[in-house]
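Taking it in order: structure first as structure tokens, then the write-up.
We did not get these values from a lab; they are worked out from the coordinates using the rules stated. Model, not experiment: these values are computed from the prediction. Every residue, glycine as well, gets a Cβ built from its backbone with ideal geometry; the counts of neighbours run over all protein chains shown.
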Amino acid sequence: SAVISQKPSRDICQRGTSLTIQCQVDSQVTMMFWYRQQPGQSLTLIATANQGSEATYESGFVIDKFPISRPNLTFSTLTVSNLSPEDSSIYLCSGRDPLYGYTFGSGTRLTVV
Amino acid sequence: SQQGEEDPQALSIQEGENATMNCSYKTSINNLQWYRQNSGRGLVHLILIRSNEREKHSGRLRVTLDTSKKSSSLLITASRAADTASYFCATDDTDKLIFGTGTRLQVFP
């Protein structure tokens, strides 16, 4: 199955700044996704990253706050903009391969101070 | 996105006992998957059960699926301290994977 490299693994950011998270897949996947996991909670889907077009956002998530790019079938970025302490979470990317199903990056632990 | 509900939210047992976790969901699914997460680390895929299957086994894991009740259960038999983790069900409707609320399992030696 595909292997996803996610960077950075953790970061501490100042309020009001932005953080961009990158995910690189070692093979082409049909779909990529971004999730947020708030402390002690489950994973919540932020959006589906569409190759070459705008991401599809879930209810409660907007492009201005979480801009996403997916320039090709193996790479995607999530930016968390205008950071506030409430954005402190783990962010995970996922890829879906028709044969092997879903695979996940190791996550980015964001702390906003 | 609507999450599935899992119960119990937390479960504490002794080594050797069985642990059962339940998952209910709301939409039609292609398959349902169970994942484990150790203390905020990466997700580990445990088992997948398709919508036309009723029961599946993998080692000490047994999963059931009742699509008429939109529910699934995960049974871990003969638990070990190393099974201590959070367990999540996730429903796949072919477009995306939606996670349940999770069960925190603590297995005491």
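Numerical summary
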{"read-out": "Exposure proxy ranking, count of Cβ atoms within 10 Å, fewest first, for A:PHE61, A:PHE66, B:PHE99", "value": "A:PHE61, A:PHE66, B:PHE99"}
{"read-out": "13 Å reach of a label modelled at B:THR77, 7 Å along Cα-to-Cβ, counting backbone N of the stretch B:1-43", "value": "B:17-19"}
{"read-out": "Exercise: per-residue mean of other protein chain Cβ atoms within 10 Å, B:95-102", "value": "6"}
{"read-out": "Residue order, fewest to most beta carbons within 10 Å, for A:ILE90, B:ILE47", "value": "B:ILE47, A:ILE90"}
{"read-out": "Cysteines without a disulfide-compatible neighbour (Cβ-Cβ under 4.7 Å), chain A", "value": "A:CYS13"}
{"read-out": "FRET E, pair A:SER84, A:LYS7, Förster distance 22 Å, beta-carbon r, rounded to 0.05", "value": "0.45"}
{"read-out": "Gaussian network model of chain B, Cα within-10 Å springs - most flexible of B:SER68, B:SER86, B:SER39", "value": "B:SER68"}
{"read-out": "Relative contact order (percent, whole number), chain A, Cα cutoff 8 Å, 6+ residue spacing", "value": "38"}
{"read-out": "Charge dipole (debye, nearest 20) of chain B; +1 at Cβ of Lys and Arg, -1 at Cβ of Asp and Glu", "value": "140"}
{"read-out": "Listed residues A:THR79, A:THR48, A:THR30, most fluctuating in chain A (Gaussian network, C-alpha, under 10 Å)", "value": "A:THR30"}
{"read-out": "Neighbouring partner chain Cβ atoms per residue of A:85-92, average, 10 Å criterion", "value": "1"}
{"read-out": "Karplus-derived HN-Hα couplings along the stretch A:104-110 (A = 6.51, B = -1.76, C = 1.60, θ = phi - 60°), whole Hz, x at Gly and Pro", "value": "10, x, 7, x, 10, 8, 9"}
{"read-out": "Choice from A:GLN41, A:GLN51, A:GLN24 with maximal GNM fluctuation in chain A (Cα, 10 Å cutoff)", "value": "A:GLN41"}
{"read-out": "Ranking of A:CYS93, B:CYS89 by count of other Cβ atoms within 10 Å, fewest first", "value": "A:CYS93, B:CYS89"}
{"read-out": "Percent of alpha-carbon pairs separated by more than 15 Å within the stretch B:29-109", "value": "56"}
{"read-out": "Averaged over A:50-63, number of beta-carbon atoms from partner chains that fall within 10 Å", "value": "1"}
